[in-house]
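The structure appears right after this line, and notes come after that.
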Amino acid sequence: MDNTRYDYSPIITRQPFELPNGSKVALYVGVAIEYWAIDAAEFAVAGRFKIPPPNVFEYAPRDYGNRIGVWRLMEVLDRYNIKGSVFLNSDICEHYPIIIEECKKRDWEFVAHSTSNAVLLGGKSEAEERKIIKTTMDVITKAIGWRPIGWVGAALQETFNTPDILAEEGIKYVCDWTCDDQPFPMKVKTGSLIAMPYTLDLNDIPAFIDHHRSPKEFYEMIKDQFDTLYQEGSSQARIMSIAVHPFLTGLPYRIAWLDKALQYIKGFKDVWFTTSGEIANWYYEKYMGISL
């Protein structure tokens, strides 16, 4: 069947895309802050062994991320005055409220990311999906004091109904569709929704778990990606994302390489260090005539 959510748009036929202050690249860092219950039957990342709960082998490293790794990531982003875009499981709000408070202190962006990373949308009925999305949004709204405008699915999973349900819930951008370097409108039944550029490659889960990249190789990937987008951004501005998880990039032997990557990018002019939400606000106002 054909994809009916958006039109095909080759970049060579587009009008120039511009960012604030003539920036060539807008960079945002997605920090996935996720919750896994001790009795979760499915762990969607390492998956080396199929172990019935309690799967300590899978659970404990992820718990390290929320106990130790997330604070290392905060220190690095603070060093470069970069605000994170938090891909937030709503269960974090109940179990680890101190993480929410520290993110709020830094004025980080909150992007809804299901209730937990063990709750995926793929294969769910419409009623089940609506309940998951609404619960996620309501819990995060109560915890942070405002309603998020962004969504990224756990494991990037959707159903054919997902974009329509997200738009109905007031979501304005979704990061699941990794098919472009610029935002673009999606077709939904009511309201409006745009696709926010996101990455599967500069994402520490596929890089470290699937492709067995070293921390230095991950740094080189980030650097090379930036160099290409920065060069292309002279004529067509680009969006670049880096996706990190506290239980992976937050490890002691990896964190320095994220630091080096951000230090490298900070050495360039005409780069907008921002959040996914600020990019969405800019796009809606400039290209859709809508103030969020």
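Can you spot a residue in segment 122-132 that is farther than 20 Å from Leu193 by Cα, surrounded by 22 or more Cβ atoms within 10 Å (Cβ to Cβ) and in contact (Cβ under 8 Å) with a residue 24 or more places away in the chain?
No, the conditions are met nowhere in segment 122-132.
Going residue by residue through segment 163-180, is there one that turns out to be under 14 Å from the mean Cα position of the chain (by Cα), of a type in the set (Asp, Glu) and under 19 Å from Ala32 (Cα atoms)?
Yes: segment 163-180 contains one or more residues that are under 14 Å from the mean Cα position of the chain (by Cα), of a type in the set (Asp, Glu) and under 19 Å from Ala32 (Cα atoms).
Do we find a residue being more than 15 Å from the chain's Cα centre (by Cα), touching a residue at least 24 places away in the same chain (Cβ under 8 Å) and under 27 Å from Asn281 (Cβ atoms) anywhere in segment 195-211?
no
Yes/no matrix, rows are residues, columns are (1) among the polar types (S, T, N, Q); (2) under 17 Å from the mean Cα position of the chain (by Cα); (3) part of a helix (DSSP H, G or I):
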| site | (1), (2), (3) |
| --- | --- |
| Thr115 | yes, yes, no |
| Leu120 | no, yes, no |
| Glu129 | no, no, yes |
| Met137 | no, yes, yes |
| Ile140 | no, yes, yes |
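Give Ser241, Ser234, Ser276 a once-over and let me know the one that is of a type in the set (Gly, Ala, Ser), at pLDDT 95 or above and surrounded by fewer than 18 Cβ atoms within 10 Å (Cβ to Cβ).
Ser234
Could you check segment 20-34 and list, in sequence order, the residues that are in contact with a Ser or Thr (Cβ under 9 Å, 6 or more places away or on another chain), of a type outside the set (Phe, Trp, Tyr) and closer than 30 Å to Ala155 by Cα?
Lys24, Ala26, Leu27, Val29, Gly30, Val31, Glu34, listed by residue number.
Is it true that some residue in segment 166-174 is assigned to a helix (DSSP H, G or I), free of Cβ contacts under 8 Å to residues at least 24 places away in the same chain and out of contact with any Gly (no Cβ under 9 Å at 6 or more places or on another chain)?
no
Looking at (1) more than 19 Å from the chain's Cα centre (by Cα); (2) closer than 30 Å to Trp272 by Cβ, which is the one condition that is false for Pro54?
Against the list (1) more than 19 Å from the chain's Cα centre (by Cα); (2) closer than 30 Å to Trp272 by Cβ, Pro54 comes up short only on (2).
Say we look at segment 234-292 and pick out the residues that are aromatic (Phe, Trp, Tyr) and outside any helix (DSSP H, G or I); which of these is farthest from the chain's Cα centre (by Cα)?
Per the stated criteria, the residue is Phe268.
Could you check, for segment 79-102, whether at least one of its residues is in contact with an Asp or Glu (Cβ under 6 Å, 6 or more places away or on another chain), surrounded by fewer than 22 Cβ atoms within 10 Å (Cβ to Cβ) and not basic (Lys, Arg)?
No, there is no match, as no residue in segment 79-102 is in contact with an Asp or Glu (Cβ under 6 Å, 6 or more places away or on another chain), surrounded by fewer than 22 Cβ atoms within 10 Å (Cβ to Cβ) and not basic (Lys, Arg).
The values are calculated or read from the model by the stated rules, or taken from the named source; none is laboratory data. Remember, it's a predicted structure, so these values are computed and weren't measured experimentally. As a convention, Cβ positions derive from the backbone with ideal geometry for all residues, glycine included, and neighbour counts pool all protein chains shown.
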